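Visitor: Here it is: the structure, laid out below.
The values are calculated or read from the model by the stated rules, or taken from the named source; none is laboratory data. The structure displayed is predicted, hence computed values, not measured ones. Cβ: placed from backbone, ideal geometry, glycine included. Neighbour counts: every protein chain shown. Note: areas computed on protein heavy atoms with side chains; ligands, DNA, RNA excluded. Shrake-Rupley method; radii C 1.70, N 1.55, O 1.52, S 1.80 Å.
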Amino acid sequence: MLKKLLKKVYSKKPNVPEKSSTEDILRKEIQLDGNLEQTLGFFKEIYSYPDNQDFVIRNIHINGMSKKAALIYIWTITDVTLIDQHILTPLIRNNSTSSKIEDIVSIQSVDTKNVIKDILPEINKGSAALIIEGDPQAYLFSVTNFEGRGVEKSENETVVKGPKEAFTEKSSTNISLIRKKIKNENLVVESLTITERSKNDLFIIYEKDLANEKLVENVRERVNSLQVDAIQNLSLLEQHIEERKFSIFPTVLYTERPDRAASFIEDGYIVLIMDNSPACLVLPATFWSFYHSSEDHYLRFHYGNFTRLLRIIALFITLFTSAIYVGVVTYHAEMIPPDLLLAIAATRERVPFPAAIEVIIMELAFELIREAGLRVPSPIGPTIGIVGALILGQAAVQANIVSPIVVIVVALGGLSSFAVGDISMNFSIRLTRFLFLLVASLFGIYGMAALFTFGIFYLVSLKSFGVPYLAPLTPKYVSSGDTIFRRVLQYEMYRPGYVKPKDIKKK
Amino acid sequence: MTKQKSLFKMLCLLSFLLLLLSGCWDQKEVEKMAYVVAIGLDQDEEDENRVKITYLISNPEVGSLAQGGGAAGEEPPREIISFTADDFITSRNLANTVVAKEITYDLLRILVVSEDFAKNKKFLRWLYDATKEREIRRDIKILVTKEQTSSFMIDNQPLLETRPHEYFEMLFNRGKKAGMVPSSDLLTFFRITEADADLFAAAYGTAQQNDNSSGKNKDPEQAIAGELQYGGETNTVQYAGSALFKEGIMIDTLTIEETRLMFLLHPTENPVAILTNLPDPFNEEYQIATRIRPNGQVKFDMNLKKETPSIDVTVPVIIEVLTNHSGTNFAKDSEKRIKLKESFEDRITKKFEELIKKTQDEYGTEPFGWSLVARKEFLRISDWESFDWMKTYPDIEINVSTEVRLGNFGRQGEMLNIKDVRD
Amino acid sequence: MEQSKGKIGIKEFIALTILMTGTKLADDTPAIIYEELQNAGWIAPLIVGALSIIPIALLIRVVTSYQDKGLIQVIDHLFGRFIGFLIIFILWGISFFALIIDTAIYTDIIGTMYYSRTPTIAIYALLMAVCAYGGKKGFEQIGSISWAVLPYIKVSVLIALVLSFFQGQTSYLFPILGPGEWEVIKESSLKLSIFGDFIFIFILVPFIKSTKDFNRGVWISLCIIVAEVTLAMMIYVVMFDYQSVMMLNYPYHELIRTVQLGFLTNMETFFFPFWLIASFVRFTVYMYIAAMLFGRLFKIKEFEYAIPALATLVVFVGSIPESPTQSIFEIRARLIDVSTPIYIILPLLIWIVAKFKGDLKHDKAKESI
Amino acid sequence: MTIIIWLVILIVNAYTIGFSITLWKGDSKVGAIAMFVVAVAIVITPFFSVLR
């Protein structure tokens, strides 16, 4: 009911006077008719020339044809030297009368379009359009050159042993990074324009003979049904396509490592890539894909599983330490070994707050240090460490605001939280930790057990694109058995059954 | 159905939040608690139906090096209060007239009972209060003191262990390993009292040293707490020997030696090693220091269906010789070794027989836990109950034998013959 | 690899059955058994398990001969509208009543053993809130969660039992026959309905992937449960001796309060959460079954929506009896006695009617071809 | 505490009766009646237990 009401409020159209754009839309439907002046006029209108600074109209006279012509492009996203050397120079120097444009220009790909609507997106993508007097079509030369970083090291998902390269903001680079790993004609890169105003492109990448068609169709449908003006990048897209927007757990994996993406594609998953995102989205994602890291498989069997063990321990420490401390100290003091109990009691003697408040204060302080450390300009970075360690640790204890044991408990939990690499999962665990803390301070271990059961029910009922969140642990599926621990590579024989790949067995 | 769904979600959330808001009933902050480590129980002098309760409360600030402790060093390690109450459950509130913090039994380690009170018929009723109270565990220990528990606690001032719970824990662990006192926990007390067959042995201690002359030159083995003479700068409290309870009432005490023999005869409770002196068969003047260890399970051969039931008990022990004052070289002489073995066997068997005779004649039942072994001879509980161990025991014919196996003769086997040196 | 929607596999099924019935070793069921059987209490689960084979075999014979039909549908089919309604009403009555009594007992355990100052209603409400939430999620989820948590719960129980085994004395088990062999057999057959939950499991047949899985799952879980409960009952005696164990209300909780491991002397808070999770899952299953029967009785297709209301009702009804430790103990002991005949008679009745109608013969003929 | 219990009763009752109405409008009149009985029981039983 409440949700419905809220929905109503949100979906209500704000009452703002809107200017009709029918005129613009009509203009885009116009076919080219060979009248150069008129056509250029349209383009100038559409691109608000000369206000628009990077829109260029270069008027030229083609000698051989003795015709007037104009080259239209956006210079910021085109390769200007390419235009100069391979389009302008040949056209101007050309003398033969009969030559076709395709024969004069020495550019890789030439296309012709005759409706303005079709030409616009091409120009927007960085093509140059040549319009010639008396010719009812436009020649489109692909001279795209978006700026972007080169391929760099991945920063958020670092590994010691394994490839270091990461995705960049340029989708073509990203696709080539994946193609470098999967040299197979079955790798399909579908392209879709998903937004109405900014015309953002999305690439859906999967292996045709592996990925389940229903799944691909499901993704396509969900993406196509988006009615949004603009989605700049994948981080935003993720929130548009996920099933449960209010769920505390992520259901789409966001990774910046091409090797990880490639291995997911090889298991029959689907990968989404967009411009402007130095990462990709992997669908569907289970709990395990957030818990794993690519290094687990690069390391040898025992080493990999050791890190897995550490990570699961860290996960539980993060979730439970502070909650257990509060629960045990306030409700189950008898379970603490007597010496420790007396030590806790002694240090807490002069602390003015109840244990729960004390821990919450420290937890908040830790989260603050963490957030501030992330946002602080790097020259000032070291100060955060000093402030954090000295003021919040040392001084708070000496000032009797917190007891030293709480500092240990919180620091342990905070430290462990870094072991879970995935940023979304990291957040969900850190948030859940506060829930546990709250419940523990009100109901002790009983409350924690209740919340835990509640949480598992919740996890089990989650689905990501039709895949149960805890699969293949439960419900059981044929899979490589890669859950909390991994197997020896040779025994990981099956692709995960829950994505229903067309070919279950790996060779 | 969406209506129900959203409503349901709201309901879940709301009721959960409300539950959260109204929580914290059992919450207690650790620093607002007074941790009772030992409870003393005495008979109130005036009213038969009331008890005098002594609390030994531990001060958490002592012995912690935590920052902000401030003047912790100057606070005493413990607080002792005694008062009269109806029982030790309601006494928790009564204590708050003196102690500011809430009394908790979370750290309760030991229940101290004075000998007078333990011999009282009503004692059992008060002790059974412990089964009702949630905070009292079944693994706490029972100690019987010779004097009033309140004075015992005050006189008990351990010098090295400042924290009282640590003191009691270590004392009992060590005492049990050395075979000086029985382990005497509440769980066993209840079990034995309920089974109504055996005697329960509780640890015995006192803070008063017996000054009368009879104790002066006594063999330490024959002593119980209070009869040993210690000099030097130490705590006056002694723990030695055991107090026997029959049907929940204390009937007698056992000396250190008897306690140790009891351990050796017990089918399950075995001490790790007993250090003791046995007479030297080669020279009456000297004693041989030995370490006695049980060598496997005590063997029983019970024949209870006869008119006069009989039990054959075989106690296997390993004896290591630690000193050899007479200088007899038995390490290398097999004949002498056999003689030594036989003398040990005789000696120990004789002791066993004496003790068993005492239990049969004086107590009517045994503290060795033999009834558990005897139970195996019966198929049904009704048979066992009609056999009535406690009634039958004095008439049972008991044959004890000891199987001695000589262990090592110390690090250096051969001894210097002192007589030869003095020549 | 087609995903069968809402159905659970054999692993989940076994896990669910074990949690549903096996958790009984940790409430007051042992106390009810010990009351009559003294130290021979551990023989009771063996006998009950052996006797349970008959009704279970009969039910399996009947229910699995209908494709994809659960006990409810089979009863409907065999007895017609009116009598079918009556039988299902009785089943619902038992399940709902058992749910109320058992949750009340568990609330009491939590209250008396761990949270003595918290009002019963708060403990009760939290317990039922979690169960209602779980029940609402549907059967597949309940199956999944049972499988996910089962290993940890069983490991914790096993640790507790093994630790106490070393602290106890096996000689407490003697005299081995307790009150006498006839007494043991008589009393344990009267307690037959401790495993009465197995009847309700047959309601779940349509949710299991295949009848073969169901068939195997039932037998495997019966074996595991019998072994587990027997072991637990034995160890309670080994730990406390029969005189004391007869006086304890909740032996498992006394046990975990008494065991110790090295420097950890008070370990109950380690075992308590696992027991809690097991109880949550157990009552979720109960809740789901009760709601399902309720839905069938009153023709409510989406019976999951009735769960919150029923859960609230359980809380209010369950907190009616005063001094619950004793009064509910008596009610529960009586419920076990009352439902024992039903546990025997109903499967027999179903089998006879099915035989009479000729449904089984038909099936047998099919099998022989 | 009483206020909270009443609040819970209120919410659950609203929910139950809502469900009952949906059932009535749907195909199951018997179910609607049963749910209504449950709703009434939820109001009555507290007087014998928590609000005693």
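Visitor: For segment B:273-309 and segment A:274-316, what is the centre-to-centre distance using only Cα atoms, to the nearest Å?
Guide: 65
Visitor: Below 15 Å, Cα to Cα, which aspartates and glutamates can B:Lys28 reach? Residues fewer than 8 away in the same chain don't count.
Guide: Leaving aside aspartates and glutamates fewer than 8 places away in the same chain, those within reach of B:Lys28 are A:Glu334, A:Glu349, A:Glu358, B:Glu102, B:Asp106, B:Glu135.
Visitor: Once amide H atoms are built 1.01 Å from N in the peptide plane, which residues 5 or more positions from B:Gly40, or in another chain, come under 5 Å H to H?
Guide: B:Thr54, B:Tyr55, B:Leu56, B:Val112
Visitor: Let me ask something additional. Given Cα pairs under 8 Å that are at least 6 residues apart, what percent is the relative contact order of segment B:262-423?
Guide: The normalised contact order for segment B:262-423 reaches 30 percent.
Visitor: Students often forget the sequence filter, so: which aspartates and glutamates lie under 18 Å Cα-Cα from C:Lys186 once same-chain residues fewer than 8 apart are removed?
Guide: C:Glu35, C:Glu36, C:Asp337
Visitor: In the structure displayed, which of A:Lys208/A:Lys500; A:Lys208/A:Lys505; B:Lys305/B:Lys350 lie more than 20 Å apart, Cα to Cα? The partial results should precede the final answer.
Guide: Numbers: A:Lys208/A:Lys500 13 Å; A:Lys208/A:Lys505 16 Å; B:Lys305/B:Lys350 27 Å.
Listed pairs above 20 Å: B:Lys305/B:Lys350.
Visitor: What trypsin sites (Lys or Arg not before Pro) in segment B:277-328 are in a loop by DSSP, with at most 15 other Cβ atoms within 10 Å of the Cβ?
Guide: Numbers: sites: B:Arg291, B:Lys299, B:Lys305, B:Lys306; in loops: B:Lys305, B:Lys306.
Taking segment B:277-328 and a limit of 15 other Cβ atoms within 10 Å, the loop trypsin sites (Lys or Arg not before Pro) found are B:Lys305, B:Lys306.
Visitor: Could you check how much of the accessible area of the protein assembly as shown is carbon and sulfur, as a whole percent, using a 1.4 Å probe?
Guide: Carbon with sulfur: 58 percent of the solvent-accessible area.
Visitor: From the cross-link list C:Lys69/C:Lys357; A:Lys67/A:Lys113; B:Lys101/B:Lys122; A:Lys68/A:Lys113; A:Lys125/A:Lys170, which pairs have alpha carbons spaced over 21 Å apart?
Guide: B:Lys101/B:Lys122
Visitor: Taking a probe of 1.4 Å, how large is the accessible area per residue of segment C:200-292, in Å²?
Guide: About 26 Å² of surface per residue is accessible.
Visitor: Hey, how many Å between the Cα centroid of segment B:75-127 and the Cα centroid of segment C:323-354?
Guide: 47
Visitor: Additional query: Output the 0 to 90 degree angle, nearest 10, between the alpha-carbon long axis of helix A:404-417 and the longest principal axis computed from the alpha carbons of chain A.
Guide: Value to nearest ten degrees: 30.
Visitor: In whole Hz, what ³J(HN,Hα) sequence does segment B:193-200 give by Karplus (6.51, -1.76, 1.60; θ = phi - 60°), x for Gly and Pro?
Guide: Karplus-based 3J(HN,Hα) across segment B:193-200 equals 5, 6, 6, 6, 9, 9, 9, 9 Hz.
Visitor: Continuing with the same structure: Given C:Lys137/C:Lys301; A:Lys161/A:Lys183; B:Lys52/B:Lys357; B:Lys141/C:Lys24, which pairs have Cα atoms separated by over 27 Å? Provide the component values of the computation, followed by the final result.
Guide: Working: C:Lys137/C:Lys301 15 Å; A:Lys161/A:Lys183 23 Å; B:Lys52/B:Lys357 37 Å; B:Lys141/C:Lys24 32 Å.
Distance filter (> 27 Å) returns B:Lys52/B:Lys357; B:Lys141/C:Lys24.
Visitor: Nearest 10 degrees, 0 to 90: what angle lies between the long axis of helix A:301-331 and the longest principal axis of chain A (Cα atoms)?
Guide: The angle comes out at about 60 degrees.
Visitor: What angle, in degrees between 0 and 90 and rounded to the nearest 10, separates the Cα long axis of helix C:120-137 from the longest principal axis of the Cα atoms of chain C?
Guide: Long axis of C:120-137 versus the principal axis of chain C: about 40 degrees.
Visitor: State, as an integer percentage, the relative contact order of segment A:22-142 based on alpha-carbon contacts under 8 Å between residues 6 or more apart.
Guide: 33
Visitor: Continuing with the same structure: Ordered by residue, what ³J(HN,Hα) values in Hz, to whole numbers, does segment C:101-109 give under the Karplus form 6.51 cos²θ - 1.76 cosθ + 1.60, where θ = phi - 60° and Gly and Pro are x?
Guide: Working through the residues one at a time gives 5, 5, 5, 4, 4, 5, 4, 5, 4 Hz.
Visitor: Follow-up. Which chymotrypsin sites (Phe, Trp or Tyr not before Pro) in segment C:115-177 pass both tests, a DSSP loop state and at most 12 other beta-carbon atoms within 10 Å?
Guide: Sparse-neighbourhood loop chymotrypsin sites (Phe, Trp or Tyr not before Pro): none present.
Visitor: Now a separate question. Show the residues, 5+ positions off or on another chain, whose built amide H is closer than 5 Å to the amide H of B:Ile140.
Guide: B:Leu186, B:Leu187
Visitor: Can you tell me the relative contact order of chain D? Whole percent, Cα pairs under 8 Å, sequence separation 6 or more. Mind dumping the intermediate values first?
Guide: On the way: 29 pairs, mean separation 18.3, N = 52.
Relative contact order comes out at 35 percent.
Visitor: Provide the per-residue ³J(HN,Hα) series for segment C:206-212, in order, calculated from phi with Karplus coefficients 6.51, -1.76, 1.60 and θ = phi - 60°, each as a whole number of Hz, with x at glycine and proline positions.
Guide: x, 8, 8, 4, 9, 5, 5
Visitor: For segment A:105-153, which trypsin sites (Lys or Arg not before Pro) are in a loop by DSSP, counting at most 11 other Cβ atoms within 10 Å?
Guide: Numbers: sites: A:Lys113, A:Lys117, A:Lys125, A:Arg149, A:Lys153; in loops: A:Lys125, A:Arg149.
In loop regions of segment A:105-153 (DSSP not H, G, I, E or B), the sparsely surrounded trypsin sites (Lys or Arg not before Pro) are A:Arg149.
Visitor: Follow-up. As a check on your grasp of the helix formula, calculate [θ] at 222 nm for chain C: sum -39500 (n - 2.57) over DSSP H runs of n ≥ 4, divide by the residue count, round to the nearest 500.
Guide: Result for chain C, helices only: -25000 deg cm²/dmol.
Visitor: For segment A:320-334, which residues drop by 10 square angstrom or more in accessible area between the chain on its own and all protein chains together (1.4 Å probe)?
Guide: Those residues are A:Val329, A:Thr330, A:Tyr331, A:His332, A:Ala333, A:Glu334.
Visitor: Something else now. Can you give me the Rg/Rh ratio for segment C:10-368, using Cα atoms for both radii and the Kirkwood formula for Rh? Write down the numbers at each step before the final one.
Guide: Working: Rg = 20.2 Å, Rh = 20.9 Å.
Using only Cα positions, Rg/Rh for segment C:10-368 is 0.97.
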